[in-house]
1. Quick one: net charge of H66's neighbours, Cβ under 10 Å, K/R +1, D/E -1?
2. Suppose accessible area is computed on protein heavy atoms with a 1.4 Å probe; arrange L56, L74 from highest to lowest.
Amino acid sequence: LLLVGEAKDEGLVYVTSPRVGIMRRGKLYKGKHGRPIVLEGAVVKKGQAMCFLEQLGTNLAIETEHAGTVVEFLVEDGVPVGYGDPLAAIRPSFPGIMKLT
């Protein structure tokens, strides 16, 4: 599990929960859980759905605000989350810029 200080040092950004609900990595359909739509290590585009927030029987797609590589999901599937809770850590990709060491 990444700590906030470590994430800032590594240049990571968080995907946060916009509402209160239950975090789902796959869509719930007719009472059955689907497979995760994004896995750790996957490259995501800005605006891509990477998980769902279940609230009052509906599934709200949570989209990324940054393009990059998913480093880690910080919340397990089926765990309740609150407003602003970090759900995943992403290493942003900036075309043409190398990571400074």
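The values are calculated or read from the model by the stated rules, or taken from the named source; none is laboratory data. Since we're looking at a predicted model, the values are computed, not measured. Positions of Cβ are generated from backbone atoms using ideal geometry, with glycine treated the same way; all protein chains shown enter the neighbour counts. Ligands, DNA and RNA are stripped out before the accessible areas are found, and what is left, the full protein with its side chains, is counted by its heavy atoms. Shrake-Rupley method; radii C 1.70, N 1.55, O 1.52, S 1.80 Å.
1. +2
2. Ranked list, largest accessible area first: L56, L74.
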